[in-house]
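For reference, the structure is listed below as structure tokens.
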Amino acid sequence: MLKRSAFFVVALLLGPLLAVAQDGNISGPTSSSDAAGYSCDPAKCKLPDCNCASTSPPGGLDPKDVPQFILFTADDAVQSYTLDAVNQFLAHRQNPNGCRPMMTYFTSLNYTNYTLVTDWYVAGNEIADHTMTHVGQPHADEINGNLIALNALAGIPLQSIKGFRAPFLDYSVETLKLLYDAQFTYDSSAVASIPVTDPGTDAYWPYTLDNGMANNCLSVPNTCKGEPKLPGFWEIPMYSFFDNLGVNGPHLMDPWLDNANGASTPNDTATLEYMKNTFTDHYNGNRQPIGLYTHPIHLSRTYPGVNVRNSTVDMINAFLDWAQQQPNVWIVTNEQLLDWVMNPVPLSKLDSVSSLKCTVPQVDASLKICNGMPQNEEGLLSHCGFSDFPFYTCYGCPQVQPSPDNPNPPQQVLDGQNARFRLPANCSTPFWDPIKGECICTSSTCAFVDDSRPVGPNGANLTGGGLGGSFASGTAASSIPTYIPFNGDSHVISAGMTSAVVMSAFGVLLGALGVVGRL
């Protein structure tokens, strides 16, 4: 096992990158109605393929008959410590239908453990694109290479990778056009930067770009005023929280790292207050979604050198506990939100929304198959010991480390072994055996079972559930054992990889300097 002291050295070397990764916050409005120059005719732009940018719920629904959605997203590399950081907020929770909330992980591939991406996806979460090497205003090979590598080495079906977020939220018109050409369903890089209580709010429900962008019109050149026109391509705005300074006090990504109300240091109590206030404004208004947009490494309790305050973890859990006590509050992925927006139904018909249900793949726990389910794949993973950063995969190690210009290198095949088979288009990830090259599920009877509870006409006001602890009352959520660390020690880097990880840290430093140079 890699010693903690070595990890600490790596953490110190990674410090500059962690600071860069925090980027994504704003200091004031990024749009205005004049700058937007937006016009859309709802009589011509109709769901499910077209939707005007509007503060009102889709489908003409009354806000009181609409779920309050909380989006939970994470950005950057996927590792055991980032998944543990996410799980400390989600693993113990239930949505109103009894299902564990899922989240969207915008995945960049530098320093990512591919098999954990597979496991996280098979557990029901959404995997989205965040470029291969975490660069703003990326070229096509950064975006498309990420798709190819996630499919080849993590077994994520191409049709399941629907969304994109630009690193540093740094996108351009060209970025949006590249996404459209690559047949993504949505982008989520634009910001809603004006409170919903302001008549000029830009907190729109997700909308298509048939009539151009309506967000970030003051900050992204050549957008808005009807451009770019990308029919059927969706924008899911990122919804800001606002402290007592209102429009001059926005908080976007990792708001718990910010100073509230113009103060000089972070204050968990003040952060909890403005998060509750902003949620209440959404909930009592048009119920536009609200989002917790995280860089999970900043909340990791298992990554040396990251000193997250227990009070901060407790505060975030307390916010979600409080929010889930309100009727009809759902923690969802971007994909789940968009599915509902395309086909909006009132609270009494939420049972008809299949994406909100919890469908579990039925695979015998004793079966030995490398399928993204930890109980099945033990001992079957390939360990790829690259000097830049080692990783595991079910799909065979590549001969060289994937890169934007070579995202799917030829596979290593050791003497006496056979090549692993990549996921085909006609089999679902948890049922594909990459060693035998066969799909173990060939009929509907062996696939998935639905574990959700009814939320129909007589149960539409069900609430979710969480810790039961309270940051405000002093009951420390962090003192309650609430989840099992994701995969435990299954994919910890071996002792022999110490030098490789340390060397990778220097690569991160150089990469971080390169990124800074682009900003």
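Quick notes
- A single entry from N110, N97, N87 fulfils the requirement of being open to solvent by less than 30 Å² (accessible area, probe 1.4 Å), touching a helix residue (DSSP H, G or I) at 6+ places or on another chain (Cβ under 9 Å) and either of a type in the set (S, T, N, Q) or farther than 23 Å from L299 by Cα (or both): N97.
- There is no residue in the stretch 369-382 that is at pLDDT 95 or above, in contact with a helix residue (DSSP H, G or I) (Cβ under 8 Å, 6 or more places away or on another chain) and within 22 Å of T131 (Cα to Cα).
- Residue pairs meeting the criteria (Cβ under 9 Å; at least 6 apart or on separate chains; first open to solvent by 30 Å² or more (accessible area, probe 1.4 Å), in the stretch 142-171; second among the β-branched types (V, I, T)): N151/I161; L158/I148; K162/T185; D170/V135
- Of everything in the stretch 239-292 that is surrounded by fewer than 19 Cβ atoms within 10 Å (Cβ to Cβ) and of a type in the set (G, A, S), the residue that is farthest from V308 (Cα to Cα) is G285.
- Some residue of the stretch 33-47 being at pLDDT 95 or above and open to solvent by less than 20 Å² (accessible area, probe 1.4 Å): yes
- Tally, over the stretch 344-356, of residues that are within 29 Å of Q375 (Cβ to Cβ) and not in a helix (DSSP H, G or I): 0
- Each residue in the stretch 108-147 was checked for being among the hydroxyl-bearing types (S, T, Y) and farther than 16 Å from Y171 by Cα, and 6 of them qualify.
Every residue, every condition in (1) surrounded by 18 or more Cβ atoms within 10 Å (Cβ to Cβ); (2) touching a Gly at 6+ places or on another chain (Cβ under 9 Å), yes or no:
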{"site": "I297", "(1), (2)": "yes, no"}
{"site": "G305", "(1), (2)": "no, yes"}
{"site": "M315", "(1), (2)": "yes, no"}
{"site": "L320", "(1), (2)": "yes, yes"}
{"site": "N334", "(1), (2)": "yes, yes"}
{"site": "L338", "(1), (2)": "yes, yes"}
{"site": "V341", "(1), (2)": "yes, yes"}
{"site": "L347", "(1), (2)": "yes, no"}
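- With respect to the conditions (1) under 30 Å from T463 (Cβ atoms); (2) over 21 Å from the mean Cα position of the chain (by Cα); (3) charged (D, E, K, R), E335 falls short on a single one, namely (2).
- Any chance G232 is of a type in the set (G, A, S), part of a strand (DSSP E or B) and either under 30 Å from S428 (Cα atoms) or open to solvent by 20 Å² or more (accessible area, probe 1.4 Å) (or both): yes
- Pairs linking a residue in the stretch 348-373 that is farther than 19 Å from A447 by Cβ to a residue that is among the aliphatic types (A, V, I, L, M) and crowded, with 19+ Cβ neighbours inside 10 Å, with Cβ atoms under 6 Å and 6 or more positions apart or on different chains, are S348/A460; L350/V455; D351/V455.
- Filtered residues of the stretch 148-166 (kept if farther than 20 Å from C397 by Cβ and either out of contact with any helix residue (DSSP H, G or I) (no Cβ under 8 Å at 6 or more places or on another chain) or among the hydrophobic types (A, V, I, L, M, F, W, C) (or both)): L158, Q159, I161, F164, R165, A166
- Test set (1) under 25 Å from L356 (Cβ atoms); (2) in contact with a His (Cβ under 9 Å, 6 or more places away or on another chain) - N146 fails condition number: (1)
- For M315, the criteria (1) over 25 Å from T112 (Cβ atoms); (2) at pLDDT below 95 hold in every case but one, which is (2).
- Hits in the stretch 409-446 (condition: among the small types (G, A, S) and either surrounded by 16 or more Cβ atoms within 10 Å (Cβ to Cβ) or part of a helix (DSSP H, G or I) (or both)): S428, S444
- Scope the stretch 50-61; condition surrounded by 12 or more Cβ atoms within 10 Å (Cβ to Cβ) and either free of Cβ contacts under 8 Å to residues at least 40 places away in the same chain or part of a loop (DSSP other than H, G, I, E, B) (or both); matching residues: C50, N51, C52, A53, S54, T55, S56, P57, L61
- When the stretch 172-206 is limited to residues that are crowded, with 24+ Cβ neighbours inside 10 Å and small (G, A, S), the one that is farthest from T294 (Cα to Cα) turns out to be A203.
- Scan of the stretch 235-258 for residues that are among the hydroxyl-bearing types (S, T, Y) and not in a loop (DSSP other than H, G, I, E, B), ordered by number: Y239
- Taking the criterion of being buried (at least 22 other Cβ atoms within 10 Å of the Cβ) and either among the hydrophobic types (A, V, I, L, M, F, W, C) or within 16 Å of S240 (Cα to Cα) (or both), the residues of the stretch 207-218 that qualify are L209, M213, A214, N215, N216, C217.
The values are calculated or read from the model by the stated rules, or taken from the named source; none is laboratory data. Every value quoted in this text rests on a predicted model; they were computed, and no experiment measured them. Using ideal geometry, Cβ is built from the backbone for each residue, glycine included, and neighbour counts are taken over all protein chains shown. Side chains are part of the model used for accessible areas, which takes the heavy atoms of the whole protein and leaves out ligands, DNA and RNA. Shrake-Rupley method; radii C 1.70, N 1.55, O 1.52, S 1.80 Å.
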